[in-house]
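Single-structure report; data block below.
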Amino acid sequence: MTGYWGHGGPYETWVDFLRRWAAEENPDPAALPPLAQEDFPGETWERFALHLGEALDTRLKSWAERLSEAVLAAPDEFSAGRELAQARAGLRTVRAVAGHPGLPETLRTRFRELVDGQITDLQRQLERRLDDLAAANGSDPRWVEQRRRTVRDNALTATLSPSPSPSPSHPGTADPWAQTHTADRPRRRVVTD
């Protein structure tokens, strides 16, 4: 029997996705097929783990460089906080790929733990850069402390905890203002001129 494969199957689909995703083309991860441990020999899994690790690393590095520059260049604390909040969406995407349900459980667990460790390290690096700025001559200590508070209040590590669950009275929403009991609602304060 002779014949040529026209496609490498699920393995090729995943590798193609990872290459495109690392290049920030943003292909759809929902189209990825499930991979089973018993479908491939050990050497294939090693190669696949390298592809997955390289894609995650590439995405995290480019994300971290952009975020670090944006946070330190932000003209005010609102802008810095917005950059941090928007950056968490990128981290959620990376965590979603690392923990994709199409991956075998062992691989998914291993890579999710690696990504979570990187996120924690990125938070520490941001704070260390502020420590370096504080130690440098000519830095405004008030600005450094304000930025440090912004970085901590908008921590990247917030992506590691589960999202708030929807309220029972309003399924599908995690909005604390949508709760029915006024005692449970956060207080609003309106300041007029």
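The values are calculated or read from the model by the stated rules, or taken from the named source; none is laboratory data. This is a predicted model, so every value here is computed, not measured. Please note: Cβ atoms are built from the backbone with ideal geometry, for glycine as well, and neighbour counts cover all protein chains shown. Surface areas here come from the heavy atoms of the whole protein model, side chains and all, with no ligands, DNA or RNA. Shrake-Rupley method; radii C 1.70, N 1.55, O 1.52, S 1.80 Å.
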If you check residue 15 against the conditions, is it closer than 30 Å to residue 152 by Cβ and not small (Gly, Ala, Ser)?
-> no
Residue satisfying condition, being closer than 27 Å to residue 15 by Cα and open to solvent by 40 Å² or more (accessible area, probe 1.4 Å), within set 125, 118 = 118
